[in-house]
1. Give just the number: which of (1) on the phi < 0 side of the Ramachandran plot; (2) open to solvent by 80 Å² or more (accessible area, probe 1.4 Å); (3) free of Cβ contacts under 8 Å to residues at least 40 places away in the same chain does A91 not satisfy?
2. Could you grab me the full set of residues in region 1-36 that are of a type outside the set (D, E, K, R), open to solvent by 30 Å² or more (accessible area, probe 1.4 Å) and closer than 19 Å to L149 by Cα?
3. Which residues, taken from region 106-158, are among the β-branched types (V, I, T) and modelled with pLDDT of 90 or more?
4. Quick one: in region 51-77, which of the residues that are part of a helix (DSSP H, G or I) and touching a residue at least 60 places away in the same chain (Cβ under 8 Å) is most open to solvent (accessible area, probe 1.4 Å)?
5. I need the full set of residues from region 207-236 which are closer than 22 Å to V163 by Cβ and either free of Cβ contacts under 8 Å to residues at least 60 places away in the same chain or assigned to a loop (DSSP other than H, G, I, E, B) (or both), in order please.
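The values are calculated or read from the model by the stated rules, or taken from the named source; none is laboratory data. Just so we're clear, the structure is a prediction, and the values are computed from it rather than from any experiment. Neighbour counts run over all protein chains shown; Cβ positions are idealised from the backbone, glycine included. The accessibility values were calculated without ligands, DNA or RNA, using every heavy atom of the protein model including side chains. Shrake-Rupley method; radii C 1.70, N 1.55, O 1.52, S 1.80 Å.
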Amino acid sequence: FRNADALGKAAAHAERWVASGLRFKVLSAAELVEFEPALRPIADQLAGALLYAGDEKGDARRFCRELQRQAENCGVSFRFGTTVKSLSARAGQVVAMHTDRGDFVADRYVIAAGSYTTLLTRPLGFDVPVRPAKGYSVTFEEGGLDRVLRVPVVDDELHAAIVPLENAIRVAGTAEFAGYDLRIRSERVDNLKRLLRAVLPQAPLERAVQRDWCGLRPMSADGVPVIGATHLPNLYLNTGHGHLGWTMAAGSGRLLADLICSRPPAIDPLPFAPGRFSGAR
């Protein structure tokens with residue numbers, strides 16, 4: 001935090017969740033640069049930080065690959081490179097999923113298509129208020145950048161997250177409402193690079209390989225994921241997580257599995273139910 005008032009408000013907000021298991025510590029600017037020396041060059045700009053010692057970082061792609069491997073060991077079959085065109089419903093339930101590689105028939109269907117969910121549900125007669133918000137990241141690989149930063153840093157004022165990865169460092173942020181346009185705009189990339197320089201002015205970026213990326217975050221109308229059954233009893237949704245998809249992936253999967261298997265869910269499913277939106281009933 002670069003502003004003491006903003007730091008105080010964030011700490012007060014975090015305090016509300018301590019009873020639910022959240023653990024955090026308020027660091028002064030001096031304590032912050034001692035904990036994360038990479039921020040020493042901008043120490044005079046900092047008011048302090050919130051340290052969430054229980055937070056973790058990781059590589060989402062590696063996570064998904066490992067999850068795929070374990071799922072296949074349990075008998076799950078994947079069909080990569082397959083485009084889902086539509087679903088058919090008859091007599092109040094889904095009867096088939098149509099793809100460019102033929103039809104698939106199942107007892108139950110789950111649409112977890114992120115920002116594209118609405119394109120699949122609309123022909124079935126209901127709209128899910130989830131829309132794409134394009135986010136960007138820039139990854140600098142090699143050049144010893146993984147040794148520049150010890151822990152992930154989120155700059156509250158600049159609205160940027162900087163994460164050290166294996167032999168790389170990544171900066172992510174921005175939200176662009178451009179529909180399903182996946183073109184990478186150079187001005188957005190340049191902005192992220194400026195934000196990275198504002199946090200880590202001495203990082204040796206010139207020796208690194210730059211990789212630009214953008215993706216569509218599925219933003220729900222109320223900012224809460226959409227998880228559960230629809231008015232078609234064998235069709236379920238799991239979408240609307242915004243920029244926190246991986247953060248909430250395991251919990252969302254567990255909740256959905258409990259609902260499909262008619263098990264008592266560990267958390268209240270009502271706040272996430274698709275039926276909370278009139279158009280999704």
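1. (1)
2. F1, S28, A30, F35
3. In the first step, residues of region 106-158 are kept if they are among the β-branched types (V, I, T); the result is 110-111, 117-118, 121, 128, 130, 138-139, 148, 151, 153-154.
Within region 106-158, V110, I111, T117, T118, T121, V128, V130, V138, T139, V151, V153, V154 meet the criteria.
4. So in region 51-77, the residues part of a helix (DSSP H, G or I) come out as 60-73.
Right, trim to touching a residue at least 60 places away in the same chain (Cβ under 8 Å) and you get 60, 63.
Numbers: A60: 42, F63: 89 Å².
Taking the candidates together, the pick is F63.
5. Our first condition is that a residue be closer than 22 Å to V163 by Cβ; within region 207-236, this holds for 207-219.
Passing the criteria: only A208.
To keep it simple, each residue is scored yes or no on (1) in contact with a strand residue (DSSP E or B) (Cβ under 7 Å, 6 or more places away or on another chain); (2) at positive phi; (3) surrounded by 13 or more Cβ atoms within 10 Å (Cβ to Cβ); (4) at pLDDT below 95.
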{"site": "G173", "(1), (2), (3), (4)": "yes, yes, yes, yes"}
{"site": "A178", "(1), (2), (3), (4)": "yes, no, yes, yes"}
{"site": "E206", "(1), (2), (3), (4)": "no, no, no, yes"}
{"site": "V209", "(1), (2), (3), (4)": "yes, no, no, yes"}
{"site": "D212", "(1), (2), (3), (4)": "yes, no, yes, no"}
{"site": "P218", "(1), (2), (3), (4)": "yes, no, yes, no"}
{"site": "V224", "(1), (2), (3), (4)": "no, no, yes, no"}
{"site": "I227", "(1), (2), (3), (4)": "yes, no, yes, no"}
{"site": "L235", "(1), (2), (3), (4)": "yes, no, yes, no"}
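Yes or no, residue by residue, for (1) closer than 28 Å to H243 by Cβ; (2) acidic (D, E); (3) open to solvent by 40 Å² or more (accessible area, probe 1.4 Å); (4) part of a loop (DSSP other than H, G, I, E, B):
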position: A96; (1), (2), (3), (4): no, no, no, no
position: T99; (1), (2), (3), (4): no, no, no, no
position: L119; (1), (2), (3), (4): yes, no, yes, no
position: R131; (1), (2), (3), (4): yes, no, yes, no
position: G135; (1), (2), (3), (4): yes, no, no, no
position: V138; (1), (2), (3), (4): yes, no, no, no
